[in-house]
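K.L.:
Submitted below is the structure of interest, expressed as C-alpha cells.
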Amino acid sequence: MNATISMDGLWTIVDSLSTKNKKWLVDKLLVSLSASNESKENAILAGIARSAKEAKEGKTMPLDTLWEQL
C-alpha cells in the first residue's frame, strides 16, 4: 500500500511537533543535506583529479577538435 501526503499536509505535521522534536528533525535534515553536498563535492573533485591525470598522461585532445565534436 502506498501512502501519499501533500507538502501542506507534511507541513501541518511538522508544525504540530514539539520544539524538542522540531530541533531533532532540523538536525537530521542538516546532516542529510551536508552528506548530500559532500557527495557532490567529492564527485566534482574526483572528476577534476581524473581530468588532471588524463592531461598528465597525454590523453587529451586539442580544444578545436573538442569544439567540433560538440
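K.L.:
I need a count of the residues in region 35-70 that are open to solvent by 80 Å² or more (accessible area, probe 1.4 Å) and not in a helix (DSSP H, G or I).
P.N.:
Of the residues in that region, 6 qualify.
K.L.:
Do you know which residues across region 1-34 are assigned to a helix (DSSP H, G or I), within 24 Å of the chain's Cα centre (by Cα) and either of a type in the set (Lys, Arg) or loosely packed, with under 10 Cβ neighbours inside 10 Å (or both)?
P.N.:
MET7, LYS22, LYS23, LYS28
The values are calculated or read from the model by the stated rules, or taken from the named source; none is laboratory data. All figures in this text were calculated on a predicted structure; none of them were measured in a lab. A quick note on method: Cβ atoms are made from the backbone with ideal geometry, for glycine too, and the neighbour counts reach across all protein chains shown. Quick note on the areas: whole protein, heavy atoms, side chains included, nothing else; ligands and nucleic acids left out. Shrake-Rupley method; radii C 1.70, N 1.55, O 1.52, S 1.80 Å.
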